[in-house]
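Chemist: Handing you a structure now.
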Protein chains: 2
Amino acid sequence: VSVGGSKRALLKVLDGEAVWPPPAWLMRQAGRYLPEYRAVRAEAGSFLDLCYTPKHAVEVTLQPIRRFGFDAAILFSDILVIPDALGRPVRFEVGEGPRLDPMTGPDEIDRLDRGRLLRHLAPVFETVSELRARLPRETTLLGFCGAPWTVATYMIAGRGTDDQAPAKRWAYGQPEALDRLISVLVEASIDYLEAQLAAGADAVQIFDTWASALDASAFRRFVVEPTTRIVTGLRARRPGARVIGFPKGVGARLVEYASATGVDGVGLDWGVDPAWAATAVAKPVQGNLDPLRLLGSERDLDAAVDELLAALKDRPWIFNLGHGITPEAPIAMVERLMARVRRG
Amino acid sequence: VSVGGSKRALLKVLDGEAVWPPPAWLMRQAGRYLPEYRAVRAEAGSFLDLCYTPKHAVEVTLQPIRRFGFDAAILFSDILVIPDALGRPVRFEVGEGPRLDPMTGPDEIDRLDRGRLLRHLAPVFETVSELRARLPRETTLLGFCGAPWTVATYMIAGRGTDDQAPAKRWAYGQPEALDRLISVLVEASIDYLEAQLAAGADAVQIFDTWASALDASAFRRFVVEPTTRIVTGLRARRPGARVIGFPKGVGARLVEYASATGVDGVGLDWGVDPAWAATAVAKPVQGNLDPLRLLGSERDLDAAVDELLAALKDRPWIFNLGHGITPEAPIAMVERLMARVRRG
C-alpha cells in the first residue's frame, strides 16, 4: 500500500500498486444529475456542440471535480465522435439516442475518410490540453474512445439497438466485411488516443459497452483482437501508454480479455462479483458499484459499499460505478458514497 | 457415453451422463418462425388464450417435434401465468410486450391470492397431461416457470423494461418488501411446478431472464436463495424432481448458482464461453448457440456449431440455443443446424 510519492494515485494502481483508500471517480460523473451540468447543456446547442466546444467541454469536465474532488477527471466527449470524424455524421435528437445514416453495405467502408480525423477532432485535443492545465496536480486526466466493435454497432444500425442485431448479422454472416470496418476503427482509435495522450491525458479508457452481444468466437475476433491491436499500436507510438479496458457484461470472459489484450486494468460492470474478480482477474480492476444503489436506501448503499471495500481491499483497485451514474441520482447520495469510500 | 437403455436421453444428461450426439431442443422452438405456429396463433384469440386453451397449446408444442424431431418438447406457456393466477391480470397487446397493473407498493403483496393458483392454471396441467400422452415415448417433456426475481420485475414495473429499474429500486431500497413478494412467488412456483410434474412433465426449467440485472449481493438474496428454496421445496414433495436453472447473463456467477441452488443442470446463454463452462461449471449444461447465428451464413453457422461440439464433447450437455429462436430464423437454417448437431 502506497504511503506517498508524486505519481498520481490512479496511475499507481494501473501500475499494479494497491492504494488505500482507493482512488475514485464515477463513470458519467459529468452529467445530468448535476444542476451545473444541466445549465451548461442548456446553453451549448446540440450535444456534439458541447463535445466540440472546448470552453463548455472543459467546464463540464471540471464541475464534478470541484464538487466532489474525484481522483480522476474524464474528458467530456462521446464514443461516436470517431464515426462523426470519419464522415458518418452523428446527430443527437432530444430524448432520443444518437442517429447516423446506417451503413448499407461493406462498400461504404472504403468511403470512410481517415485523413480528416485529427483535424475534425482538434477541439477535443484542445479540451484535453486546457483540462490538464486547469486540473489539480494530483487529479488524473483520462481520455477515452469507444471500442471498435461497439462503435461499429452504431455505425451499422445507425442507432442504438436492444440486441445489436444489425452488426451481429455482419459478424455472423459477413465477418470479413466487419473485419475491414473494425480495422479502420482500430487505426482511427490509435490516432485518436495517441493525440489525447500527446495533449496531456494521463491514461485512456476503451469503452466496449456491447462486448456482451457476441458469442465466444466472435468476442475473440471482434473484441479481444482489435483491442489488442489498439493497445499494441498505441504503445508502439507512445511507450508506456496506460490503457483501461471496459468490456461490459462479458462475465468470465474478462479473464481472457484482461490477459490477452495487454490493457493495464479492466473495468468491472456491476454484474461482476468483486470477490471473484479479486482472485480471477490478473490485472488492476476498476468498479463496480451498481449505479442504481444510489437510488436505494442509505442503509443498503452503505452495506453495498462496505461489501465492495472488503472484497477489493489490498488489491490494485480504482473505485467506480459499474456503469454510468443515472440522471436520477441524488447528490446527497453521491456525497454519502464518496465519504464512505474515502473512509476506506 | 450412453449406448442405450430406456431413460430419455435428456434425463440421462441431467443425471450426469454424457450422451453423444447430445440431445437437442431449442428455446422458443414453438414460435413465430414456424408458419404452422402462426396459423394457430392467428385463430387462438389473445396470447394468453393460446396458453390457456389445451387444444391450441398442445398443437403448437407438438409442431416443432413433428417437424424437427427435437429430443424435448417444452410446454407452451408464459412466465407471467403465475402473476395472472395470483390476481394480477396480464394482457399482451399486439406488437407490444406484456402489460400488468404495476404494483404501487408492498401493501399489495398481501392481496395476492395464492388460493386460486391451481384452479386458474388447471388448463396448463391438462395441456401437460395431453402432451405426455401424445409425444413420442423417447421425447422428454419439460415444464417451466419464470424465476421469482424475473417475474417480480414484470409485476413491479407492470411491463418489461430495459434495465429492470423499478424492481431494482425495491431490491436496493426496500429489500424486505421484495423478500416478501419473492416468498409468495417461491411458494406459487413450487405449487405450479409440482402440478406440472404430477401431470406428466419429466423435468422443469426455471427461467431467470433478468438475473443479470442484480449486483453480487442482491443476486445471492433474490436469485440464488429463492431458487434454492424452490428446488428444495419441490424435491420435498417430489423426491428426485429434476430442475434446470437458466439465469441469463450472469457470467462467472453461474458457478455459484450451479453449486448453491441444487439444480440438476444450468442453461448457458450465448455469452458464456462453452470451453470455460466445460471446466468451471460442475453441473450438466444446456446451450448455447447464439440464435442470431441462424441469421448469418451457412459457413459461419457450421463453424460455430463445430466449435460448440468440440468444446462440450464428453461433457453431460444438452444442445440448445443461448436464448430463444427469433421469428426471422429461416427453417432451412434450423434444419442445417440440427443435421450438424446430430452428426456429433
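The values are calculated or read from the model by the stated rules, or taken from the named source; none is laboratory data. If you're wondering where the values come from, they're calculated on a predicted model, not measured in any experiment. A quick note on method: Cβ atoms are made from the backbone with ideal geometry, for glycine too, and the neighbour counts reach across all protein chains shown. Remember, those area values only see protein heavy atoms, side chains included, never the ligands or the DNA or RNA. Shrake-Rupley method; radii C 1.70, N 1.55, O 1.52, S 1.80 Å.
Chemist: Against the condition β-branched (Val, Ile, Thr), assigned to a loop (DSSP other than H, G, I, E, B) and more than 8 Å from every other protein chain (Cβ to nearest Cβ), how does residue B:318 come out, does it pass?
Modeler: no
Chemist: Identify, from the list A:134, A:111, the residue that is in contact (Cβ under 8 Å) with a residue 12 or more places away in the chain, among the basic types (Lys, Arg), closer than 30 Å to residue A:69 by Cα and more than 14 Å from chain B (Cβ to nearest Cβ).
Modeler: None of the other options fit; the residue is A:134.
Chemist: With the requirement that a residue be within 11 Å of another protein chain (Cβ to nearest Cβ), charged (D, E, K, R) and open to solvent by 20 Å² or more (accessible area, probe 1.4 Å), what does the stretch A:273-292 give you?
Modeler: A:273 - this is the single residue of the stretch A:273-292 that is within 11 Å of another protein chain (Cβ to nearest Cβ), charged (D, E, K, R) and open to solvent by 20 Å² or more (accessible area, probe 1.4 Å).
Chemist: Say whether the condition of being modelled with pLDDT of 95 or more, within 19 Å of residue A:196 (Cβ to Cβ) and open to solvent by 10 Å² or more (accessible area, probe 1.4 Å) is met by at least one residue in the stretch A:81-98.
Modeler: Narrowing the stretch A:81-98 to residues modelled with pLDDT of 95 or more: A:81-91, A:98.
Adding the requirement that they be within 19 Å of residue A:196 (Cβ to Cβ) leaves A:81-86, A:90.
Cutting the leftovers down to open to solvent by 10 Å² or more (accessible area, probe 1.4 Å) gives us A:84, A:90.
Yes, the stretch A:81-98 has at least one match.
Chemist: If you go through the stretch B:213-230 one residue at a time, do you hit one that is under 16 Å from the mean Cα position of the chain (by Cα), part of a loop (DSSP other than H, G, I, E, B) and without any contact (Cβ under 8 Å) to a residue 40 or more places away in the chain?
Modeler: The answer is no; no qualifying residue exists.
Chemist: Does at least one position in the stretch B:282-299 carry a residue that is of a type in the set (A, V, I, L, M, F, W, C) and more than 30 Å from residue A:170 (Cα to Cα)?
Modeler: Checked against the condition, which is being of a type in the set (A, V, I, L, M, F, W, C) and more than 30 Å from residue A:170 (Cα to Cα), the stretch B:282-299 yields at least one hit.
Chemist: Within the stretch A:139-188, can you find the residues that are under 21 Å from the mean Cα position of the chain (by Cα), within 11 Å of chain B (Cβ to nearest Cβ) and acidic (Asp, Glu)?
Modeler: A:162, A:163
Chemist: Is it fair to say residue B:241 is under 18 Å from the mean Cα position of the chain (by Cα), in contact (Cβ under 8 Å) with a residue 40 or more places away in the chain and surrounded by 23 or more Cβ atoms within 10 Å (Cβ to Cβ)?
Modeler: no
Chemist: Taking residue B:223, is it at pLDDT 95 or above, within 14 Å of chain A (Cβ to nearest Cβ), in contact with a helix residue (DSSP H, G or I) (Cβ under 6 Å, 6 or more places away or on another chain) and closer than 16 Å to residue B:259 by Cβ?
Modeler: So residue B:223 fits the description; yes.
Chemist: Considering only helices (runs of 4 or more DSSP H) fully contained in the stretch B:104-205, which possess at least 3 residues that are open to solvent by 10 Å² or more (accessible area, probe 1.4 Å) and either basic (Lys, Arg) or under 18 Å from residue B:51 (Cα atoms) (or both)?
Modeler: In the stretch B:104-205, B:117-120, B:122-134, B:175-199 are the helices (runs of 4 or more DSSP H) which contain 3 or more residues that are open to solvent by 10 Å² or more (accessible area, probe 1.4 Å) and either basic (Lys, Arg) or under 18 Å from residue B:51 (Cα atoms) (or both).
Chemist: Search the stretch A:321-344 for residues being more than 13 Å from chain B (Cβ to nearest Cβ) and not in a helix (DSSP H, G or I), and hand back the single one that is most open to solvent (accessible area, probe 1.4 Å).
Modeler: Looking at the filtered set, the residue picked out is A:344.
Chemist: While we're looking at this one, here's another question. Only one of B:71, B:49 is of a type in the set (Asp, Glu), closer than 22 Å to residue B:289 by Cβ and open to solvent by 10 Å² or more (accessible area, probe 1.4 Å); which?
Modeler: B:71
Chemist: Any chance the stretch A:251-266 includes a residue that's surrounded by fewer than 23 Cβ atoms within 10 Å (Cβ to Cβ), in contact with a Ser or Thr (Cβ under 9 Å, 6 or more places away or on another chain) and facing chain B (nearest Cβ under 9 Å)?
Modeler: No, because not a single residue in the stretch A:251-266 is surrounded by fewer than 23 Cβ atoms within 10 Å (Cβ to Cβ), in contact with a Ser or Thr (Cβ under 9 Å, 6 or more places away or on another chain) and facing chain B (nearest Cβ under 9 Å).
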